[in-house]
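Novice: Structure incoming, see below.
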Amino acid sequence: MAETARLRHGPVVPRVESALRAMLAEGRWRSGERLPNEVALAAELGVGRSSVREAVRLLAHDGLVEVRHGSGTYAAEPPAPAPAADGDMRRLLRRARLREVYEVRRALEVEAARLAAGRLRPEDIGRLRDQLALREERTGGDPAAFVDADLAFHRAVVELSGNPVLLGLFTSVLPVLRTALVEMVSYETALPDVSCAHAELLDGLARGDADAAIAATVSHLEAVMELFDSEKEVAAP
């Protein structure tokens with residue numbers, strides 16, 4: 001097929017995304033119709049499953065497909081154009097690989113932990129304890145509910161840094177993070193348990209220990225980043 005021929009040269013994920021985007025534009029799948037599963041698409045396009053997964057994530061972020069966990073990926077109605085004000089940042093984040101987003105997340109959250117450790121009030125610690133308890137309560141349950149609780153805890157830490165620019169940057173990354181994390185929690189069997197690192201982060205913040213809070217933040221995020229590094233691109237036969 002023509003789409004497969006176009007996948008022979010260049011970076012893999014953009015080519016997979018382009019091919020799937022063209023198939024959607026040509027009407028291969030009508031709105032509401034389920035796409036073939038990840039294995040079938042990888043075999044058809046001659047690429048690894050991780051490349052298909054990343055390309056689908058990009059298409060979902062653009063609103064061209066809808067990922068229904070436990071059901072599959074479905075063609076969606078093309079969304080209305082984004083307002084011009086959203087511009088460059090949205091395009092940049094959409095094109096970013098998940099590891100790149102995590103590198104930005106690490107930079108933001110490390111600085112947030114450092115600042116928050118010196119600025120938290122006793123009532124702030126209580127709020128964080130409640131949010132962390134909700135995260136723990138949702139562990140093992142609905143992936144979307146768990147991810148929402150997890151990101152709410154981290155957003156609260158960034159908010160309590162007292163830096164509105166830092167909070168604005170972190171908030172701009174959240175939609176990309178949420179989509180990717182829900183998928184990871186749903187399907188990634190090797191996802192590390194970082195509950196202890198979360199507890200250590202809260203403990204460091206409660207003691208006003210910036211170094212401990214930073215160490216816990218780095219431990220939590222790099223445990224997930226190591227998972228990205230361990231993924232190997234396996235070409236389909």
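The values are calculated or read from the model by the stated rules, or taken from the named source; none is laboratory data. Just so you know, these numbers come straight off a predicted model, no measurement behind them. When we count neighbours, we look across all protein chains shown, and the Cβ atoms used for this are built from the backbone with ideal geometry, even at glycine. Accessible surface is based on the protein model in full, side chains and every heavy atom, while ligands, DNA and RNA are left aside. Shrake-Rupley method; radii C 1.70, N 1.55, O 1.52, S 1.80 Å.
Novice: Tell me, yes or no, whether the range 210-222 has at least one residue that is over 16 Å from the mean Cα position of the chain (by Cα) and under 15 Å from Q131 (Cβ atoms).
Specialist: No, the range 210-222 has no match at all.
Novice: Would you confirm whether or not the range 199-222 contains a residue that is touching a residue at least 24 places away in the same chain (Cβ under 8 Å), open to solvent by 70 Å² or more (accessible area, probe 1.4 Å) and touching a helix residue (DSSP H, G or I) at 6+ places or on another chain (Cβ under 7 Å)?
Specialist: The answer is no, given that none of the residues of the range 199-222 is touching a residue at least 24 places away in the same chain (Cβ under 8 Å), open to solvent by 70 Å² or more (accessible area, probe 1.4 Å) and touching a helix residue (DSSP H, G or I) at 6+ places or on another chain (Cβ under 7 Å).
Novice: May I pose another question? For residues that are among the hydroxyl-bearing types (S, T, Y) and more than 23 Å from E100 (Cβ to Cβ), scanning just the range 178-198, find the one that is least open to solvent (accessible area, probe 1.4 Å).
Specialist: Only one residue tops the list, namely S195.
Novice: Tally the residues that are at pLDDT 55 or above and outside any loop (DSSP other than H, G, I, E, B), restricting the search to the range 72-87.
Specialist: Qualifying residue count for the region: 4.
Novice: Follow-up question, since we're still on this one. I'd like to check something: does the range 52-71 contain any residue that is more than 16 Å from the chain's Cα centre (by Cα), assigned to a helix (DSSP H, G or I) and either β-branched (V, I, T) or exposed (fewer than 13 other Cβ atoms within 10 Å of the Cβ) (or both)?
Specialist: No, that holds for no residue.
Novice: Turning to a different aspect of this structure: Any residue that is among the charged types (D, E, K, R) and surrounded by 17 or more Cβ atoms within 10 Å (Cβ to Cβ) - is there at least one of those in the range 118-128? Write out each step before concluding.
Specialist: Just the residues of the range 118-128 that are among the charged types (D, E, K, R), to begin with: 119, 121, 123-124, 127.
Adding the requirement that they be surrounded by 17 or more Cβ atoms within 10 Å (Cβ to Cβ) leaves 124.
Looking for residues that are among the charged types (D, E, K, R) and surrounded by 17 or more Cβ atoms within 10 Å (Cβ to Cβ), one finds at least one in the range 118-128, hence yes.
Novice: Quick check: anything in the range 157-177 open to solvent by 30 Å² or more (accessible area, probe 1.4 Å) and part of a loop (DSSP other than H, G, I, E, B)?
Specialist: Looking through the range 157-177, at least one residue is open to solvent by 30 Å² or more (accessible area, probe 1.4 Å) and part of a loop (DSSP other than H, G, I, E, B).
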